[in-house]
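Presented below is the structure to which this report refers.
Derivation of every value follows stated rules applied to the coordinates shown; laboratory data play no part. What you see is a predicted model, and the numbers here were worked out from it, not measured in a lab. With ideal geometry, Cβ positions are generated from the backbone for all residues, glycine too; neighbour counts draw on all protein chains shown.
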Amino acid sequence: MESLDTIFELCKEAGVHEQAVIPVEKIKFSDEVRHLCEVNYCGSYGKTWACPPGVGSVEECREKCMAFTQVYIFTTWHPLEDSLDLDGMQEGKAAHEEVCARVRKIFEENFAETLVLTSEGCGNCQTCTYPDAPCRFPDHMCPSVESYGIFVNEEAAEAGIHYINGANTVTYFGNVFF
Ligand code: SF4
């Protein structure tokens, strides 16, 4: 197994902007985040197994996370033309998911068990099986951080990394429990 320093270097090379490791006990889970999901600002609520309500209750999500001892928190950031640049946000999200896949591989090569959370639902399939049939790729499905009841701004503060990275940029978060 590589040292955490080496894993940090590999993740930087994979495109990570900021990163930190904190104990899982520092992560707070809240049903309040679910209320934000229900507003459906991202349009993913009730659309995939990776988002509420399909992802399970906040308590079920918390129990899955608490089976691990540490969480690697990372960000990617992306430039926008302006604060209404929806295409830029989509491009940023796609780029974030590519980084997330590389980070996931790094952790899977070093730890027997991991749980990966990323941003805004699951885009693995053109059409999700939800709710009619089980997920096609449960081992590669990444729920969003928020779907697990985690306030991203709070975990950013705990980890000492930036929640936002300046005007006309978008920052996306990912978590790897290990
Ligand atoms: S992997 Fe496919 S079936 Fe599973 S949650 Fe994602 S989109 Fe849905």
Distant-in-sequence amide H partners of Gly46 (H built 1.01 Å from N, under 5 Å): Gly54
Convert each backbone phi in the stretch 148-155 into a coupling constant with the Karplus relation 6.51 cos²θ - 1.76 cosθ + 1.60 (shift: θ = phi - 60°), then list the ³J(HN,Hα) values in order as whole Hz, x for Gly and Pro. 8, x, 9, 6, 5, 5, 6, 6
Eligible aspartates and glutamates near Lys64 by straight Cα distance, threshold 15 Å, same-chain separation 8 or greater: Glu25, Glu113, Asp139, Glu146
Distance (nanometres) between label positions extended 7 Å along Cα→Cβ at Lys64 and Glu13: 3.0 nm
Tell me, what ³J(HN,Hα) does each residue in the stretch 75-88 have, in order and in whole Hz, if you take phi through Karplus 6.51 cos²θ - 1.76 cosθ + 1.60 with θ = phi - 60° and put x for Gly and Pro? 10, 10, 10, 9, x, 10, 5, 7, 6, 9, 6, 5, 4, x
Stokes-Einstein diffusion coefficient for the stretch 63-139 at 10 °C in a medium of 1.306 mPa s, Rh from the Kirkwood formula over Cα pairs: what value in µm²/s? 107 µm²/s
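Please report the orientation-averaged projected area of the stretch 100-174, defined via the convex hull of its C-alpha atoms, in nm². Can you show the working numbers first?
Numbers: hull surface 27.1 nm².
Answer in nm², one decimal: 6.8.
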Quarter of Cα convex hull surface for the chain, i.e. mean projection, nm²: 9.9 nm²
In nm, what is the difference between 0.36 nm times the number of residues separating His140 and Glu38 and their Cα-Cα distance? 34.3 nm
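Averaging over every viewing direction, what projected area does the convex hull of the Cα atoms of the stretch 75-116 cover, in nm²?
Average projection, Cα convex hull of the stretch 75-116: 3.2 nm².
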Between the stretch 136-163 and the stretch 1-50, the Cα center-to-center distance that results, in Å: 3 Å
Got the relative contact order for the chain handy, in percent, Cα pairs under 8 Å and 6 or more residues apart? 38 percent
Neighbours of Ser30 by Cβ distance under 12 Å: Lys/Arg at +1, Asp/Glu at -1, summed charge -3
